[in-house]
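Below you'll find the structure, written out as structure tokens, and then a few comments.
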Amino acid sequence: MSEKVVVTGGAGFIGSHLVDALVGHGKEVHVIDNYVGGKHEDRINPKAIYQELDIRSTDALVSVFDGADIVFHTAAIPRVPYSVEHPVETTDNNITGTVSVFDAAAKAKVRRVVYSSSGSAYGDQAVLPLEESMIANPVNPYGLQKYVGELFAKIWPGVYGVETVCLRYFNVYGPRLDPVGPYALAVGAFLLARKEGRPLTIFGDGTITRDYTHVRDIVNGNILASQSTKVGKGEVINLGAGRNVTIQYLAELISKDIVYGPPRVESHDSKADNRRAKKLLGWEPSVTLEDGIAELKQLFGIS
């Protein structure tokens, strides 16, 4: 009999890739999603079982979690700019919803929850690379919300007997990213602009740096985190390529036609120290930014 696992937000960008990988590993995969971002057919795996639920509905979660060994909690309202404009809505979903997932996991006797956190929890730090031992200093609601989720994850094993591990993602990109809308990720927005023959818009002067990490590497990190015997007590682990590039460099991989807009409220520089992921999970990033962007340009029909 296949091991049962649950992916919250499994119809989303990262979650859908995780679902595909887990199905490929022979797991019985149950997906919880409220489809707030739409129901995209390319994100639905016919071998998984889908339930349309809000993660704040704890009792409903318990029935889905029952019998599951692992819960991968990827559901969230993402994007830093959206959290700045909608702090109450995003706090309700990203904090209350996360506690609801942890609570349901305890009631359903789930062994481990793998929590999707964010490098945004670091905020601005005096030095790079960003190490897990640094004091969190979020500068926007999204980063704070993800950090608070980590604090709950830290106490859950001792209080409720559910193993937890927190993965801080760094600027995830790859196939299925959403290129549309005012809160689209820079990579997707740049690709769509190039495809439509428009200039790429950089918010700020292009000097802020980011550590872009391919979604396949993020998925691999989740699976390793679910398996490792070295974690389970709320550990915080960076999943980042360990290489930061400027937004200007990223844009120029896609197009030379660039314009500039007003800066947004976000940390200036980001680069992950990924030694803990290597030590505790045996994780290594495998997709370079240049190769990842080349793959996406092909998918977008850009030469």
Looking at (1) of a type outside the set (D, E, K, R); (2) buried (at least 16 other Cβ atoms within 10 Å of the Cβ); (3) out of contact with any Asp or Glu (no Cβ under 6 Å at 6 or more places or on another chain), can you tell me which one Gly26 breaks? (2)
Positions within the stretch 71-90 being surrounded by fewer than 23 Cβ atoms within 10 Å (Cβ to Cβ) and more than 24 Å from Val19 (Cβ to Cβ), in sequence order: Val80, Pro81, Val84, Glu85, His86, Pro87, Val88, Glu89
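For (1) touching a Phe, Trp or Tyr at 6+ places or on another chain (Cβ under 8 Å); (2) farther than 26 Å from Gly232 by Cβ; (3) surrounded by fewer than 14 Cβ atoms within 10 Å (Cβ to Cβ), each residue gets a yes or a no:
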{"site": "Gly38", "(1), (2), (3)": "no, yes, yes"}
{"site": "Asn45", "(1), (2), (3)": "no, yes, no"}
{"site": "Tyr50", "(1), (2), (3)": "no, yes, no"}
{"site": "Asp69", "(1), (2), (3)": "no, no, no"}
{"site": "Asp92", "(1), (2), (3)": "no, yes, no"}
When the stretch 201-229 is examined, which residues are found to be among the aromatic types (Phe, Trp, Tyr) and crowded, with 21+ Cβ neighbours inside 10 Å? Tyr212
Whichever residue in the stretch 168-200 is touching a Phe, Trp or Tyr at 6+ places or on another chain (Cβ under 7 Å) and under 19 Å from Gly143 (Cα atoms) and, among such residues, is surrounded by the fewest Cβ atoms within 10 Å (Cβ to Cβ): Tyr183
Just to be sure before I move on: is Val148 touching a helix residue (DSSP H, G or I) at 6+ places or on another chain (Cβ under 6 Å), surrounded by fewer than 23 Cβ atoms within 10 Å (Cβ to Cβ), among the β-branched types (Val, Ile, Thr) and under 25 Å from Leu280 (Cα atoms) in the structure I sent? yes
For the stretch 230-279, name all the residues that are in a strand (DSSP E or B), buried (at least 16 other Cβ atoms within 10 Å of the Cβ) and of a type outside the set (D, E, K, R). Gly234, Val236, Ile237, Asn238, Leu239, Val245, Thr246, Ile258, Ala272
Please work out if Tyr142 is touching a Lys or Arg at 6+ places or on another chain (Cβ under 8 Å) and aromatic (Phe, Trp, Tyr). yes
If you check Ala186, Ala121, which single one turns out to be under 22 Å from Pro285 (Cα atoms) and modelled with pLDDT under 95? Ala186
Please return the ranges of strands (runs of 3 or more DSSP E) entirely within the stretch 1-117 where 1 or more residues are under 16 Å from the mean Cα position of the chain (by Cα). 4-8, 28-33, 70-73
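The values are calculated or read from the model by the stated rules, or taken from the named source; none is laboratory data. The model shown is predicted, which means the values in this text are computed figures rather than measured ones. For neighbour counting, all protein chains shown are included, and Cβ atoms are generated from backbone atoms with ideal geometry for every residue, glycine included.
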